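Asks: First the structure, which I've put down as structure tokens, then a few questions once you've had a look.
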Amino acid sequence: MAQENIFLFVPNLIGYARIVLGLLSFYLMPFSPWPAICCYLISALLDAFDGHAARALNQATKFGAMMDMLTDRCATMCLLVNLSLLYPSYTFLFQLSMCLDISSHWLHLHSSTIKGSTSHKTIDLSGNPILRVYYTNKMVLFVMCAGNELFFCLLYLLHHLQEPADWFYWLLALCGIICLLKSVISLVHLVTASQNMAALDAAEREKSQ
């Protein structure tokens, strides 16, 4: 039986498309805001499709999960770098957001993988109740992720718009609240993942004694 080529699984092909769109978005951001934000949002939207494809085709892989998480984190980080250039007075807040986002997701994915999960979205249902709702309720997950990304995108567009409409500011405020809530969830991510890693360390030390 021929060995399957993990790199050519459909979800991973979608992942590669996301990376290309993300890179194109980063390239366009300094001088072409609308095409840049369209590429960024399409890349973010495809994040939902690769997960569905992985489940439907039974092609969920650790490589795919890692690439998915890294693509999300790098995309958000690069957008925040651009926002730091556009709003230098808020650079420290953007830096804090980057640090919290990357550290919490990386540690959570690492602890999940060690425990045998194929993705950071596959969690122990006996664990933290906030993360349980976040990852098992698809609507909550979608609203949190979409609202967070949309908030940063709107901030980017705000810099390039001459006279934004009132609805734009209302949407920006709503997404800002969602962004704050997601930051709280990221903090819970970090604390819970740290506790899981400490528990794994304690169990290994006890076993070796």
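Asks: So, counting K/R as plus one and D/E as minus one, what does the shell of residues with Cβ under 15 Å around C74 add up to?
Replies: -3
Asks: Normalised by the residues of region 1-111, what does the relative contact order come to in percent, with Cα pairs under 8 Å and at least six apart?
Replies: RCO, region 1-111: 25 percent.
Asks: Oh, and also: With a cut-off of at most 11 other beta carbons within 10 Å, and DSSP calling the residue loop, which chymotrypsin sites (Phe, Trp or Tyr not before Pro) in region 1-73 qualify? Please list them.
Replies: Those that pass, being in a loop and sparsely packed, are F31.
Asks: Expressed as a whole percentage, what fraction of the accessible surface of the chain belongs to carbon and sulfur atoms when a 1.4 Å probe is rolled over the protein heavy atoms?
Replies: Ligands and nucleic acids excluded, carbon and sulfur give 70 percent.
Asks: Can you work out the accessible area per residue across the chain, with the rest of the protein chains kept in place, probe 1.4 Å, in square angstrom?
Replies: The answer is 59 Å² per residue.
Asks: Could you tell me how many degrees, from 0 to 90 and to the nearest 10, lie between the Cα long axis of helix 91-114 and the main elongation axis, the longest principal axis, of the Cα atoms of the chain?
Replies: Approximately 20 degrees, to the nearest ten.
Asks: Oh, and also: Rounded to the nearest 500, what is the chain's calculated 222 nm mean residue ellipticity when only DSSP H runs of at least 4 contribute -39500 (n - 2.57) each, over all residues?
Replies: After summing the helix terms and dividing by the residues of the chain, the value is -28000 deg cm²/dmol.
Asks: Over the chain, what is the relative contact order in whole percent, taking alpha-carbon pairs under 8 Å and six or more residues apart?
Replies: Averaging sequence separation for qualifying contacts and normalising by length gives 19 percent for the chain.
Asks: If you line up the long axis of helix 62-86 against the longest principal axis of the chain, both from Cα atoms, how many degrees apart are they, to the nearest 10?
Replies: That works out to roughly 30 degrees.
Asks: Taking 0.36 nm per intervening residue step and subtracting the Cα-Cα distance, what contour gain separates S32 from V140 on full extension?
Replies: That works out to 35.7 nm of additional length.
Asks: While we're on this one: Find how many whole Å separate the alpha carbon centroid of region 186-209 from the alpha carbon centroid of region 18-33.
Replies: With region 18-33 and region 186-209 each reduced to a Cα centre, they are spaced 38 Å.
Asks: Next up: Between A56 and N5, how high is the FRET efficiency from 1/(1 + (r/R0)^6) when r is the Cβ-Cβ distance and R₀ = 22 Å? Nearest 0.05.
Replies: Given R0 = 22 Å and the Cβ-Cβ separation, E is 0.75.
Asks: Enter the angle in degrees (range 0 to 90, nearest 10) between the Cα long axis of helix 138-160 and the first principal axis of the Cα atoms of the chain, meaning the one along which they spread out most.
Replies: Tilt relative to the chain: about 30 degrees.
Asks: Roughly how big is region 52-209's charge dipole about its Cα centre, with Cβ charges of +1 (Lys, Arg) and -1 (Asp, Glu), in debye to the nearest 20?
Replies: 460
Asks: Report the relative contact order of region 126-209, percent, no decimals, based on alpha-carbon pairs under 8 angstrom and at least 6 residues apart.
Replies: 37
The values are calculated or read from the model by the stated rules, or taken from the named source; none is laboratory data. Worth saying up front: this structure is predicted, and the values here are computed from it rather than measured. Virtual Cβ from ideal backbone geometry, glycine too; neighbours counted across all protein chains shown. With ligands, DNA and RNA removed, areas are computed over all heavy atoms of the protein, side chains included. Shrake-Rupley method; radii C 1.70, N 1.55, O 1.52, S 1.80 Å.
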